[in-house]
Amino acid sequence: MRVLVTGGAGYIGAHACVVLIERGHDVVIVDNFRNSSPEAVTRLELLLERPIAVERLDLRDRTRLARVFARNRFDAVIHFAALKAVGESCARPLEYFDNNIGGAIALLQEMAAAGVKRLVFSSSATVYGMPDTVPVREDAELRVTNPYGRTKLVTEQLLADVEAGDPAFQVANLRYFNPVGAHASGLIGEAPGGVPGNLMPYVCQVAGGRRERLQVFGGDYPTRDGTGVRDYLHVMDLARAHADALDHLAGDRGGLTVNLGTGRGVSVLELVHAFEAASGRPVPYEIVGRRPGDVAEVFADPSLARERLGWRAELDIEAMCRDAWRWQSLNPDGYRTRAVAAMRAR
Ligand code: NAD
Ligand code: WQD
């Protein structure tokens, strides 16, 4: 299939492009590089040994987006492009509504104009807010707790309305839990700008000596060791789910909404210890107060994805830490590290 990948230079999008291209799809990336680097595309080209089509533009620029649709006959779209920092979304909600919801509307309008009927959407476990019970099933109540989460929920709702209005239009909403890790080559990975807000990239930078110690947010949760429990998922397992979702949509079997996680909860301290073992480096930490808005324990019931897509996560927390560390140690400055250096060090 010829696939438009919005946000394809970003963390998850770049990994998905690897799987899509390896499975024989033709990929065109659209990205404004707001939270990524053209170097990610160069790395993809190195890894896959072929040129990658990329268009630098903001999705909300409908004139230019229409030209991309006019130049290509897309069979499907995978929509990763969004802003994703929860704290920033609380400080600048309108920017998040405009970028994430406005971007989705512009994309849907151009898809409609071009007659493209298949869409895979990057949703998030954030739509469940603070779930009453774990594991979380897709039919759990949806109640977002921040503007970022609201953009995901609203976009899912918009997509449901568009599907209802056009029986040929099919959407796969993929609700990711906590994606971590990197491609095993060490050429692509997560490259947060500034201080990482998420656990794994922060741990990587502590192990790499860029930050002194991890602050563990809360040691008094009602969990195994008192620290927060999440469902970490290897980004390559997640990437594969996108190709599986495309196959599903191509089979005209209707839209779906599925959780993507391992179904296994891992605590902050368990992740820290797994990382120390995988990297051979110490990860100094201190336990501090809880982070506002955090929940004790969230993990997925991923059985629907297995049933509908034939997908299940295969890589464990050891593999996630090993690959995250390989990426970090080969690219201490993220995509600012020269690719040649990263290649030689392999
Ligand atoms: P990312 O920031 O690395 O990638 C997003 C990409 O979209 C970036 O390259 C950015 O430059 C681009 N982009 C943003 N707005 C754009 C716009 N208006 N026009 C064109 N390009 C634009 O984030 P990621 O971690 O790869 O996340 C991908 C998707 O998955 C996002 O929709 C995110 O909300 C969702 N998601 C991520 C996580 C996670 O923990 N990383 C969890 C659940 C859901
Ligand atoms: C994981 C655990 C923290 C940092 C967020 C978004 C969610 C989704 C994924 C996009 C928690 C603890 C963290 C640190 C710590 N993104 N922690 N010290 O909060 O589960 O989910 O990212 O959709 O929407 O909310 O992930 O990686 O921030 O935290 O102790 O420096 O690590 O308290 O228990 P979270 P996270």
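Of note:
- Condition met for ARG346 (modelled with pLDDT of 95 or more and open to solvent by 20 Å² or more (accessible area, probe 1.4 Å)): no
- Considered as a group, the residues in segment 259-276 that are away from ligand 1 (no atom under 16 Å from the Cβ) and within 14 Å of PHE217 (Cβ to Cβ) include one that is surrounded by the most Cβ atoms within 10 Å (Cβ to Cβ), and that residue is VAL272.
- Residues that are within 16 Å of ligand 1 (Cβ to nearest atom), open to solvent by less than 30 Å² (accessible area, probe 1.4 Å), under 19 Å from ALA16 (Cβ atoms) and of a type outside the set (A, V, I, L, M) do not occur anywhere in segment 243-251.
- Any chance ALA277 is modelled with pLDDT of 95 or more and closer than 25 Å to ARG23 by Cα: no
- Test for GLY181: is it within 14 Å of ligand 1 (Cβ to nearest atom), open to solvent by 50 Å² or more (accessible area, probe 1.4 Å), under 23 Å from GLY13 (Cβ atoms) and of a type outside the set (Lys, Arg): no
- Inter-residue pairs, beta-carbon under 6 Å, first within 10 Å of ligand 2 (Cβ to nearest atom) and in segment 122-140, second part of a loop (DSSP other than H, G, I, E, B) and open to solvent by less than 20 Å² (accessible area, probe 1.4 Å), 6+ apart: ALA125/PHE177
- Any hit, segment 182-205, residues being without any contact (Cβ under 8 Å) to a residue 24 or more places away in the chain, more than 13 Å from ligand 2 (Cβ to nearest atom) and either closer than 21 Å to LEU260 by Cβ or in contact with a helix residue (DSSP H, G or I) (Cβ under 9 Å, 6 or more places away or on another chain) (or both): no
- All of VAL203, VAL195, VAL171 fail the test of being within 16 Å of ligand 1 (Cβ to nearest atom) and surrounded by fewer than 21 Cβ atoms within 10 Å (Cβ to Cβ), apart from VAL195.
- All positions within segment 112-137 that are within 15 Å of ligand 1 (Cβ to nearest atom) and in contact with a strand residue (DSSP E or B) (Cβ under 7 Å, 6 or more places away or on another chain): LEU119, VAL120, PHE121, SER122, SER123, SER124, ALA125, VAL127, TYR128, VAL136
- Taken across segment 277-288, residues that are more than 16 Å from ligand 2 (Cβ to nearest atom), without any contact (Cβ under 8 Å) to a residue 12 or more places away in the chain, open to solvent by 20 Å² or more (accessible area, probe 1.4 Å) and not in a strand (DSSP E or B) do occur, with at least one present.
- Yes/no for SER303 being within 30 Å of GLU45 (Cα to Cα), more than 16 Å from ligand 1 (Cβ to nearest atom) and open to solvent by 20 Å² or more (accessible area, probe 1.4 Å): no
- When the residues of segment 217-230 are filtered to those that are crowded, with 19+ Cβ neighbours inside 10 Å and outside any loop (DSSP other than H, G, I, E, B), the one that is nearest to ligand 1 (Cβ to nearest atom) is ARG230.
- Any hit, segment 231-238, residues being near ligand 2 (Cβ under 9 Å from one of its atoms), under 24 Å from SER124 (Cα atoms) and either outside any loop (DSSP other than H, G, I, E, B) or open to solvent by 20 Å² or more (accessible area, probe 1.4 Å) (or both): yes
- For segment 46-102, a residue qualifies if it is within 21 Å of LEU159 (Cα to Cα) and hydroxyl-bearing (Ser, Thr, Tyr), and exactly one does: TYR96.
- All of GLY261, GLY310 fail the test of being closer than 27 Å to ALA241 by Cα, touching a residue at least 24 places away in the same chain (Cβ under 8 Å) and touching a Pro at 6+ places or on another chain (Cβ under 8 Å), apart from GLY261.
The values are calculated or read from the model by the stated rules, or taken from the named source; none is laboratory data. Predicted model, so just to flag it, every value in this text is computed and none were measured. When we count neighbours, we look across all protein chains shown, and the Cβ atoms used for this are built from the backbone with ideal geometry, even at glycine. Accessible surface is based on the protein model in full, side chains and every heavy atom, while ligands, DNA and RNA are left aside. Shrake-Rupley method; radii C 1.70, N 1.55, O 1.52, S 1.80 Å.
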